[in-house]
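Accompanying notes for the structure given below.
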Amino acid sequence: QVQLVESGGGLVQAGGSLTVSCAVSGRTLRWSTRAWFRQAPGKEREFVAAISWDGDTTTYADDVKGRFTISRDNAENTLYLQMNSLTPEDTAVYYCTADSRLYRWPAYEYAYWGQGTQVTVSS
């Protein structure tokens, strides 16, 4: 049984920073591509950032490029998203996800999802 558990969400003022984390347990997905998505109220879930299984390659959505940084610690099997210069438009539930297959870039299929963590940016 695979489990992805996000943490670190909260309330932050515009211009502030926040880091969310995602711990992965269960069936070993240590070497799978991971990503962050987010969903704002009334909107579709959207891609934020992804990182390859070895951590060497990253990709970002245009509206977070230069402000957000995705990283991973394979020894701890944990994924991170550091968010800087936050704006109210970043308010959303942030979800981490993992590829169902190992050693793939881009991901084959994001089959495993966490329950999400709320990030709220006040103006």
Starting from the Cα of Asp73, step 7 Å along the direction of its Cβ; do the same at Ser7; then give the gap between the two resulting points in nm. 1.1
In this structure, the FRET efficiency calculated for Thr19 and Trp105 from their beta-carbon separation, with R0 = 30 Å, to the nearest 0.05, is 0.80
Charge context of Ser17, other residues only, Cβ under 13 angstrom, K/R +1, D/E -1: 0
Among Pro41, Pro106, Pro88, whose mean-square fluctuation peaks in a Gaussian network model of the chain (Cα, cutoff 10 Å)? Pro41
Any idea of the accessible area per residue across the range 6-64, 1.4 Å probe, to the nearest Å²? 50
Taking all protein chains in place and a 1.4 Å probe, what share, in percent, of the accessible surface of the chain do carbon and sulfur account for? 46
For Gln118 paired with Ala61, estimate the spin-label separation in nm (one decimal), with each label point 7 Å from Cα along the Cα-to-Cβ line. 1.9
Mind jotting down the distance between the C-alpha centroids of the range 100-123 and the range 1-79, whole Å? 6
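The values are calculated or read from the model by the stated rules, or taken from the named source; none is laboratory data. Note that the structure is predicted; figures quoted are calculated from it, not measured. Virtual Cβ from ideal backbone geometry, glycine too; neighbours counted across all protein chains shown. These accessible areas exclude ligands, DNA and RNA; they are computed on the full protein's heavy atoms, side chains included. Shrake-Rupley method; radii C 1.70, N 1.55, O 1.52, S 1.80 Å.
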